[in-house]
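Step one of this worksheet: look at the structure below.
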Amino acid sequence: MTLIVKPLDNIGVEIQGFDITRPLGEALQQQLRDLWYEHGVLVFRNQAMSPERQIAFSRIFGELELHPLKATLSDDYPELFELENGGDKDKANTAYYHGETVVGRLDWHLDLHYTGKPNHGAVLTAVEVAGEGGLTGFGDLAKAYDALDDDTKALLDTLEVVYTFNMQRRHMRYVDLDGYEPGPYSPKKPSDVRFPDFPESVYPAAMTHPITGIKVLGIVEQFLDRVATPYKAGISSDESIELLERLVAHTRDPKFHYFHQWQPGDMVLWDNWRAMHCATGTPPGVRRRINRTTIKGEVPLGRVLLDE
Ligand SMILES: O=C(O)CCC(=O)C(=O)O
Ligand SMILES: [Fe+2]
């Protein structure tokens, strides 16, 4: 197979000439891993997907992880789970944004950020494509880091940031709450959706990618709570809050973003140690189904903040 690599907007590449039904030899596997590390997001179109093929493809990039929080799709494929809009889970996932009703919108995030050990990556494949909405956004935190001025980079090297798991979006400090209203069935506490409570986790404000060694901005709006002990870095609490506001605004700059509009046969892989992602959500009643596999985070990027 000869792969053709086409840049996407701002982060990632589309890989053409790939066929998931053909044998994936060792040289091709290494090429795919290298492309993943180099570009952060890989998009494949027109693939004849099946659960077995998705699982085999995902294993090229590392051991798979069962998401600790989500029910699996079936006993046959415990590595796979289905994200569904337009079904039973809509009630809990419905909220209002400036008067508009939206199902399954997710702010910019890293998966499992709140555990101290984000998974290394994930693969999503289209099962049923939404007629309207349902985009997945990716944002390059390596590019966002590079674009900072030298003084900010130097300051970030001295700082750690704390992430706090909150079930309620309105309790998150750095997401955009303007015009937001939770839905009547939005869960109020982790146990409402059978999640455990998570202790806080802490990360370097400028992370180093464990494999590529590139610097990655460790500031992502969802669950972001505060700078840990700002006085140690010689800044006041007020300054630390203004810094996080400025950095979150920086990560929201569209020049770092690619939004994937799903088509049947699409497969998308991303590096969760470099790319934040979000979901735009769908209007009520719109069907959307995505199969997901998760590549384990064999190295912790942060740590749990207990008894420190
Ligand atoms: O539904 C999507 O587009 C993305 C959902 C998501 O955040 C994830 O699968 O980690
Ligand atoms: Fe996610």
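For the charge dipole of the stretch 151-308, defined by +1 on Lys and Arg C-beta atoms and -1 on Asp and Glu C-beta atoms about the Cα centroid, which residue among 180, 294, 196 has the Cα displaced farthest towards the positive pole?
Selected residue: 294.
Report the charge-dipole magnitude of the chain in Debye, nearest 20, computed about the Cα centre from +1 at each Lys and Arg Cβ and -1 at each Asp and Glu Cβ.
Values: 32 positive and 46 negative charges, 103 e Å.
Roughly 500 debye, rounded to the nearest 20.
What is the order of 191, 50, 240, 201, fewest Cβ neighbours within 10 Å to most?
Details: 191 11, 50 14, 240 19, 201 26.
Going from sparsest to densest Cβ surroundings: 191, 50, 240, 201.
Over 29 Å between C-alpha atoms is what I'm after, so list which of 215/296; 189/255; 232/255; 117/232; 6/153 land there. Present the calculation step by step, with values, prior to reporting the outcome.
Working: 215/296 21 Å; 189/255 35 Å; 232/255 33 Å; 117/232 25 Å; 6/153 31 Å.
Exceeds cut-off: 189/255; 232/255; 6/153.
Please check which bits of the stretch 131-173 a label hung off residue 37 would reach, taking the label as a point 7 Å along Cα-to-C-beta and the cut-off as backbone N under 17 Å.
Within reach of a label on residue 37, which here means backbone N under 17 Å from a point 7 Å along Cα→Cβ, the stretch 131-173 contributes 142.
Hey, what number do you get for the chain at 222 nm if only DSSP H runs of n ≥ 4 count, each worth -39500 (n - 2.57), divided across all residues, to the nearest 500? List each step's numbers first, then the result.
On the way: 5 runs with 51 residues, N = 308.
Estimated from H runs of four or more residues: -5000 deg cm²/dmol.
Loop only by DSSP, 14 or fewer other Cβ within 10 Å of the Cβ. Give me the GluC sites (Glu not before Pro) in the stretch 35-118 that pass, ordered by residue number. Numbers along the way, then the final one.
On the way: sites: 38, 52, 63, 65, 79, 82, 84, 100; in loops: 63, 79.
Listed in order of number, the matching sites are 63.
Fewest Cβ neighbours within 10 Å first, please rank 251, 229 accordingly. Spell out each step's value before the answer.
On the way: 251 20, 229 14.
Fewest-to-most Cβ neighbours within 10 Å comes out as 229, 251.
Please identify the trypsin sites (Lys or Arg not before Pro) of the stretch 150-191 that satisfy two criteria: DSSP loop assignment and at most 15 other Cβ atoms within 10 Å. Which are they? Could you put the intermediate results ahead of the total?
Values: sites: 153, 169, 170, 173, 188; in loops: 173, 188.
Here the trypsin sites (Lys or Arg not before Pro) that fit, given the DSSP loop and packing criteria, are 188.
Hey, if you put +1 on the Cβ of every Lys and Arg and -1 on every Asp and Glu Cβ in the stretch 4-298, which of 106, 37, 265 ends up farthest toward the positive end of that dipole?
Result: 265, furthest along the dipole toward the positive end.
Throughout, read-outs are computed from the coordinates displayed, never taken from laboratory work. Since the structure is predicted, the reported quantities are computational estimates derived from the model, not experimental observations. Neighbour counts are summed over all protein chains in view; Cβ atoms, including those assigned to glycine, are modelled from backbone coordinates with ideal geometry.
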